[in-house]
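J.: First the structure, then my questions, so here it is.
The values are calculated or read from the model by the stated rules, or taken from the named source; none is laboratory data. If you're wondering where the values come from, they're calculated on a predicted model, not measured in any experiment. Note that each Cβ is placed from the backbone with ideal geometry, even for glycine, and that neighbours are counted across all protein chains shown. To get the accessible areas, we keep the full protein, side chains included, count just its heavy atoms, and leave off ligands, DNA and RNA. Shrake-Rupley method; radii C 1.70, N 1.55, O 1.52, S 1.80 Å.
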Amino acid sequence: MSKREDILNATLDLIDEEGLQAVTFAKIMKRANVGSGTVFNYFSNKEELINELYRECRILLGDHLMMGYDAELSLYERFKCLHTNRIRFAVEFPKHFRFIDAYSYSPCIKPELRKLEDDSVSREAILALIREGQRNGVIRELDVNFCNSITYGIVSSIVKGYYVKKFELSDIKIQQTIEASWKAILV
């Protein structure tokens, strides 16, 4: 692992443990076992570091969302693939998921990063799926971003319950979560 990756991982760990406001460069340097020169070689300030961490987390999530995605599948099968991948990402990368979930709408994240997120392949796949479902009379005629937020909200809530051990996240529970998300936007 490179020093840059060490710094990003240390930052993610500290944010997950203590929250963004409590994280300082001194804590990051200690956790990453690097000096200030090394940190400032990669990042000029905390805002730049946080935004780079967010960008990398979003890329990782986007890559995971598209795993096994086939645009030729039925509407529901594509929906199921995307949301199963989102849940599996949340289970495999809990710190990343929590960071994205907590800071997606934060003023700490630069607007141009949110623009990149809006233009991502995975987001476009989700929104295209919703638009197609609306054209076919299967999905409610709501704003596509609103529909996406409804389905994401259900998944996020279930994942957070899993994180605090409110319940297990078995294959059956994952399927039930996807079904509930799907039914929430159906006509």
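J.: Could you say which residue among Y42, Y69 is open to solvent by 30 Å² or more (accessible area, probe 1.4 Å) and in contact with a Cys (Cβ under 9 Å, 6 or more places away or on another chain)? Break it down stepwise before answering.
T.: Working: Y42 fails: in contact with a Cys (Cβ under 9 Å, 6 or more places away or on another chain).
Matching residue, one of Y42, Y69: Y69.
J.: Of all residues being not in a helix (DSSP H, G or I) and not polar (S, T, N, Q) in the range 157-171, which is nearest to L75 (Cα to Cα)? Just the residue, please.
T.: Filtering the range 157-171 down to residues not in a helix (DSSP H, G or I) leaves 164-170.
Now drop any that are not not polar (S, T, N, Q), which leaves 164-169.
On the way: V164: 32, K165: 32, K166: 31, F167: 29, E168: 28, L169: 24 Å.
Within the range 157-171, the match that is nearest to L75 (Cα to Cα) is L169.
J.: Would you check which residues across the range 47-66 are open to solvent by 60 Å² or more (accessible area, probe 1.4 Å) and either of a type in the set (A, V, I, L, M, F, W, C) or more than 21 Å from the chain's Cα centre (by Cα) (or both) and list them?
T.: I59
J.: Among the numbered criteria (1) open to solvent by 70 Å² or more (accessible area, probe 1.4 Å); (2) of a type outside the set (S, T, N, Q); (3) within 30 Å of I28 (Cβ to Cβ), which one does E124 miss?
T.: Going through (1) open to solvent by 70 Å² or more (accessible area, probe 1.4 Å); (2) of a type outside the set (S, T, N, Q); (3) within 30 Å of I28 (Cβ to Cβ) one by one, E124 breaks only (3).
J.: Would you check if R88 is in contact with a His (Cβ under 9 Å, 6 or more places away or on another chain) and over 30 Å from K46 (Cβ atoms)?
T.: Details: in contact with a His (Cβ under 9 Å, 6 or more places away or on another chain): yes; over 30 Å from K46 (Cβ atoms): yes.
Yes: the conditions hold for R88.
J.: Only one residue in K80, K115 is closer than 28 Å to D16 by Cα and surrounded by fewer than 19 Cβ atoms within 10 Å (Cβ to Cβ), so which one is that? First the steps, then the outcome.
T.: Working: K80 fails: closer than 28 Å to D16 by Cα.
So the residue among K80, K115 that is closer than 28 Å to D16 by Cα and surrounded by fewer than 19 Cβ atoms within 10 Å (Cβ to Cβ) is K115.
J.: Condition first: modelled with pLDDT of 95 or more, touching a Leu at 6+ places or on another chain (Cβ under 8 Å) and farther than 25 Å from E56 by Cα. Can you find one or more residues in the range 80-99 that meet it? Write out each step before concluding.
T.: Narrowing the range 80-99 to residues modelled with pLDDT of 95 or more: 80-99.
Okay, now just the ones that are also touching a Leu at 6+ places or on another chain (Cβ under 8 Å), so 81-82, 85-87, 89, 91, 93, 95-97, 99.
The next check asks that each one be farther than 25 Å from E56 by Cα; those that pass are none.
No: zero hits.
J.: Now, a different point. Quick test of your reading of the structure: I174 fulfils all but one of (1) surrounded by fewer than 17 Cβ atoms within 10 Å (Cβ to Cβ); (2) in a helix (DSSP H, G or I). Name the failing condition by number.
T.: Among (1) surrounded by fewer than 17 Cβ atoms within 10 Å (Cβ to Cβ); (2) in a helix (DSSP H, G or I), I174 violates only (1).
J.: Right, something else. Residue by residue through the range 154-177, note down the ones that are closer than 21 Å to K95 by Cβ and among the aliphatic types (A, V, I, L, M).
T.: Within the range 154-177, V155, I158, V159, V164, L169, I174 meet the criteria.
J.: For the range 17-28, name all the residues that are surrounded by fewer than 16 Cβ atoms within 10 Å (Cβ to Cβ) and not hydrophobic (A, V, I, L, M, F, W, C).
T.: E17, E18, G19, Q21, T24
J.: So P94 ticks every box in (1) within 13 Å of the chain's Cα centre (by Cα); (2) farther than 30 Å from K46 by Cβ but one. Which box is left unticked?
T.: Here P94 meets the rest and fails (2).
J.: Same structure, new question: Would you point out the residue of the range 127-138, among those that are surrounded by 15 or more Cβ atoms within 10 Å (Cβ to Cβ) and free of Cβ contacts under 8 Å to residues at least 60 places away in the same chain, that is farthest from F79 (Cα to Cα)?
T.: Our first condition is that a residue be surrounded by 15 or more Cβ atoms within 10 Å (Cβ to Cβ); within the range 127-138, this holds for 127, 129-130, 133-134, 138.
Still in the list and also free of Cβ contacts under 8 Å to residues at least 60 places away in the same chain: 127, 129-130, 133-134.
Working: L127: 10, L129: 7, I130: 9, G133: 10, Q134: 14 Å.
Filtering the range 127-138 for residues that are surrounded by 15 or more Cβ atoms within 10 Å (Cβ to Cβ) and free of Cβ contacts under 8 Å to residues at least 60 places away in the same chain, the one farthest from F79 (Cα to Cα) comes out as Q134.
J.: Going by the structure shown, is E179 part of a helix (DSSP H, G or I), open to solvent by 50 Å² or more (accessible area, probe 1.4 Å) and farther than 15 Å from T84 by Cα?
T.: Values: part of a helix (DSSP H, G or I): yes; open to solvent by 50 Å² or more (accessible area, probe 1.4 Å): yes; farther than 15 Å from T84 by Cα: no.
The answer is no for E179.
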